[in-house]
1. Give all pairs with beta carbons closer than 6 Å in which a residue from the stretch 223-238 that is closer than 19 Å to residue 33 by Cα meets a residue that is crowded, with 17+ Cβ neighbours inside 10 Å and acidic (Asp, Glu); count only pairs at least 6 apart in sequence or on separate chains.
2. Which one of these is small (Gly, Ala, Ser) and crowded, with 16+ Cβ neighbours inside 10 Å: 173, 194?
3. Can you tell me which residue in the stretch 109-128 is surrounded by the fewest Cβ atoms within 10 Å (Cβ to Cβ), limited to those that are in contact with a strand residue (DSSP E or B) (Cβ under 8 Å, 6 or more places away or on another chain) and not aliphatic (A, V, I, L, M)?
4. Give me the residue from the stretch 201-212 that is at pLDDT 95 or above and of a type in the set (Val, Ile, Thr) and, out of that set, surrounded by the fewest Cβ atoms within 10 Å (Cβ to Cβ).
5. Could you say which residue among 137, 103, 144, 121 is out of contact with any helix residue (DSSP H, G or I) (no Cβ under 8 Å at 6 or more places or on another chain), more than 16 Å from ligand 4 (Cβ to nearest atom) and in a loop (DSSP other than H, G, I, E, B)?
6. Among the numbered criteria (1) buried (at least 18 other Cβ atoms within 10 Å of the Cβ); (2) more than 16 Å from ligand 1 (Cβ to nearest atom); (3) outside any loop (DSSP other than H, G, I, E, B), which one does residue 98 miss?
7. Quick one: which strands (runs of 3 or more DSSP E) sit completely within the stretch 1-89 and have at least 2 residues that are surrounded by 21 or more Cβ atoms within 10 Å (Cβ to Cβ)?
8. Contact list please: Cβ distance under 7 Å, first residue in the stretch 150-173 and at negative phi, second residue modelled with pLDDT of 90 or more and basic (Lys, Arg), pairs at least six apart or on different chains.
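The values are calculated or read from the model by the stated rules, or taken from the named source; none is laboratory data. Remember, predicted model here, so these are calculated numbers, not experimental data. Cβ atoms come from the backbone with ideal geometry, glycine included; neighbour counts cover every protein chain shown.
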Amino acid sequence: EEMVRNLQAAIELDQIEVYYQPKINASTEDIMGFEALVRWEHPELGIISPGLFIPLAEQSELIFPIGLLVIEKACRALKQWQEQFKLPLTMSVNLSPIQLNDKDLIKKINRIIEETAVYPKHLDFEITESEKFKSVKDALLMFKKIVNLGCTLSIDDFGTGHSTLDYLRKIPAKTLKIDQVFVKNIGLSPDDEAILDATIDMAKRVGHFIVAEGVETEEQRQYLTSKGCDYFQGYLFSRPVPASEIDRILTDRE
Ligand code: G
Ligand code: G
Ligand code: MN
Ligand code: NA
């Protein structure tokens, strides 16, 4: 398909960029780390969302080079910010279920860790349960290997799609990311608030950190703080922005 050839060319032309969205410590309001979010900077069409081209990449094997490119850029950026600002920052990278089919994924992640000199414990992978897993057993094995490298795992989009309680039990994740829909409905849907409250309570009881995604209002922030949420991500604090903008944000906070 033509789009696939365009995407292939975009990789070669270095049009695949990584944006970063800060994760905020709920009690100190410090920046704890970032989520890396990929963008296609198209010369004519402007910025193309990963929601549009990641599915294409997953169907065409291009997810493998793109996935590695994101990990590498994110690790380089992380190392630079840690050294420049002397902060204990972390970096979260989204991992596509298709990437787990790469037999050499662990080797490749390890090589990036060595080349960029990041501490593995500062590198986190956001994973979702998915119908795209070839085998759930193999996926779980891969997650264990990632943890054995010293990296951490976050369960993304919890409460929607395919994330289940069984998944929560079996995955060696430290963090649970509450899906935006539950945050959006704070103050609007008592049912969603009940699900949100129960999810936070359950996550805390099994010893997971909780990140609330899509925090846009002060009301949502206060509600989530009162329920014991550990970290926030959302437009209230910052949109996903290019690395240069993070430089500016960290400089302003000094
Ligand atoms: O940044 P944005 O809100 O547009 O992201 C849209 C979707 O694309 C989200 O589901 C997000 O997890 C996914 N996404 C963003 N960056 C990456 C990436 O580097 N790899 C994968 N696999 N998915 C990503
Ligand atoms: O699926 P995942 O959680 O990885 O994707 C995160 C998506 O949410 C990205 O597309 C990102 O741009 C978007 N996002 C981040 N913060 C907010 C927010 O406060 N409001 C909305 N509407 N979207 C957000
Ligand atoms: Mn994510
Ligand atoms: Na999410």
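1. 233/213
2. Of 173, 194, the one residue that is small (Gly, Ala, Ser) and crowded, with 16+ Cβ neighbours inside 10 Å is 173.
3. Filtering the stretch 109-128 for residues that are in contact with a strand residue (DSSP E or B) (Cβ under 8 Å, 6 or more places away or on another chain) and not aliphatic (A, V, I, L, M), the one surrounded by the fewest Cβ atoms within 10 Å (Cβ to Cβ) comes out as 121.
4. Looking at residues that are at pLDDT 95 or above and of a type in the set (Val, Ile, Thr), I get 210.
5. Answer to the check: 103.
6. That leaves (2) as the condition not met.
7. 16-25, 31-42
8. Matching pairs, first to second residue: 152/121; 152/174; 153/174; 154/177; 155/177; 156/177; 158/177; 172/144.
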